[in-house]
1. Please give the strands (runs of 3 or more DSSP E) falling wholly within region 393-465 in which 1 or more residues are over 27 Å from the mean Cα position of the chain (by Cα).
2. Filter region 191-218 for residues that are within 12 Å of the ligand (Cβ to nearest atom) and touching a strand residue (DSSP E or B) at 6+ places or on another chain (Cβ under 7 Å) and give the result.
3. Could you look through region 466-478, keep only residues that are in contact with a strand residue (DSSP E or B) (Cβ under 9 Å, 6 or more places away or on another chain) and assigned to a loop (DSSP other than H, G, I, E, B), and pick out the one that is farthest from the ligand (Cβ to nearest atom)?
4. Ala481 - would you say it is within 15 Å of the ligand (Cβ to nearest atom) and among the aliphatic types (A, V, I, L, M)?
5. Go over the candidates Tyr167, Tyr221 one by one and state the one that is surrounded by fewer than 21 Cβ atoms within 10 Å (Cβ to Cβ), within 14 Å of the ligand (Cβ to nearest atom), closer than 30 Å to Tyr379 by Cβ and not hydrophobic (A, V, I, L, M, F, W, C).
6. Go through (1) surrounded by 19 or more Cβ atoms within 10 Å (Cβ to Cβ); (2) not in a loop (DSSP other than H, G, I, E, B) one by one and return the number of the condition Ala62 breaks.
7. Which members of region 224-236 meet the condition of being within 16 Å of the ligand (Cβ to nearest atom) and surrounded by fewer than 24 Cβ atoms within 10 Å (Cβ to Cβ)?
8. Listed residues Val346, Val381; which is under 23 Å from the mean Cα position of the chain (by Cα) and under 23 Å from Gly290 (Cβ atoms)?
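The values are calculated or read from the model by the stated rules, or taken from the named source; none is laboratory data. Owing to the predicted nature of the structure, the values given are computational and were not obtained by experimental measurement. Reconstructed Cβ throughout: ideal geometry from the backbone, glycine too, with neighbour counts over all protein chains shown.
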Amino acid sequence: AHAIPNWHHLARDLKIDGRAFINGRRADARESATFACHSPIDGRLLANVARCTGADVDAAVAAARAAFEDRRWASVAPAKRKKTLIKFADLMLQHAPELALLETLDMGKPIRYARSVDVQLAQNCIRWYGEAVDKIYDEIAPAPEEALALITREPVGVVAAIIPWNYPMLMAAWKIAPALAAGNSVVLKPSEKAPLTSLRMAELALEAGIPEGVFNVLPGYGNEAGAALALHMDVDCIGFTGSTRTGKQIVQMAGQSNLKRAWTELGGKSANIVCADCPDLDAAVSAAIGSIYFNQGESCNAPSRLFVEASIKDAFIEKALAMMPQYAPGDPLDESTVMGAIVDEVQLRTVMGYIDSGKSAGAKLLHGGAQTRIDTGGYYVEPTLFDEVRHDMQIAREEIFGPVLSVLSFTDVHEAVRQANDTPYGLHAAVWTANISKAITVSRALRAGTVHVNQYDNDDITVPFGGYKQSGNGRDKSLHAFDKYTELKTTWIQV
Ligand code: NAD
């Protein structure tokens, strides 16, 4: 119901504080080092951000440990902890325009989605876990009559959260909300490519009443602040979201230090299988196109491999091509833009490299394939559609993390399922068919943490999100996320 602000004006007047947030206060990095945070929209300098290293990690972990040991948050009555988290969510809503703007400037997504999707989902996640706090009961085991066996959940202690840049606010919320709701202290390291909203969230959490030291944010590089957290002997648990390559390093560092619990949410190469008896071809086309180009293709669960049954492929592609113009990249600060900027030049080069590899492997480029809006100084790639992609091509095997869709065709659905599963990843998958037993058989056979039948968009905080195989070992969202951030304790009481 609020009037939509003039984003360019707001952006010009925005004050950005790039200092770390440790023990309830803003702080420069111990070494006073910073890194420049540029906007991918037009290359402008947004802020010099604290480049935290081992000494800052030590300080933040010590603050988190002290807060945990004196129980200043863990022992707060559930009803009060709930109120505080809900206040935190309310403050995010109050500051929604500022948070959305920071997110768009920092990583390039269209402002219309930053404000209507990212802020909304992030605050809702914090609200949902806040509301859950006073509705969770512990258990009593069926023990012999002369004893009572209590099974209770306790917070693990100090949780480190390391997150990527594609949905910075939402990924922060998916980690910190269940961890804080369970009574832990948290040290969050956002991506060096998009650290700004996490820092602002820490200020709002403090304002809501989350005590000093309970929620700390350390911007910095992965191989500095990130590795120091993963190796830290006083971090009890690490919640990681990012690439499979880094996830392997995280698990290794957890193992070689104190065997901290290491939860990983990693990459994907999700398969979307559209059968000839698909109940609604228009819906299938708009879901396939909408989901791959949303967020510039920078989504872990993007359906980047499209398997279409040969008999409907031409009809499918004709409808898909008709949709492409609406995804032309535009100014992310313009409310009508649906495709924004790629996060930085490195990622742009990666995406363009995959497009070249598709072309030289013999895939047929039907739309896009070029960098665009170059005169803005930002990083934009046209929505790209490849037909005649073979399962063994690099663009069909590796996660591109950009607006590139690969179309493969099939005549036997079992072969499509085999190829869909022939990947190290297992995040999402989909099947479109009006045949109920085919839908059930295929969805059972697909090795993925989430399978969609006749849609791709359904999502809710109430369901777990995570992967099979090398897409990770944990689940974010839903009550199951509490399993990651709590220990089970058995207490035997002699009667
Ligand atoms: P990345 O692995 O490069 O970085 C992720 C985070 O890890 C960043 O904060 C980075 O600084 C840090 N990091 C990097 N090297 C590190 C090291 N040696 N030690 C400790 N920390 C280190 O990934 P990215 O490019 O930021 O994100 C894109 C990836 O994230 C994609 O693969 C995508 O699929 C995945 N992703 C997965 C999910 C999910 O829920 N499964 C959600 C979003 C993104």
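1. 404-410
2. We begin by selecting, within region 191-218, every residue within 12 Å of the ligand (Cβ to nearest atom); these are 191-195, 198, 217-218.
Glu192, Pro195, Ser198, Val217, Leu218, listed by residue number.
3. Ser478
4. yes
5. Numbers: Tyr167 fails: surrounded by fewer than 21 Cβ atoms within 10 Å (Cβ to Cβ).
Within the list Tyr167, Tyr221, the selection yields Tyr221.
6. Condition (1) is where Ala62 drops out.
7. At the first step, the residues of region 224-236 found to be within 16 Å of the ligand (Cβ to nearest atom) are 224-233, 235.
Those that are within 16 Å of the ligand (Cβ to nearest atom) and surrounded by fewer than 24 Cβ atoms within 10 Å (Cβ to Cβ): Glu224, Ala227, Leu231, His232, Met233.
8. Selected residue: Val381, the only one of Val346, Val381 that is under 23 Å from the mean Cα position of the chain (by Cα) and under 23 Å from Gly290 (Cβ atoms).
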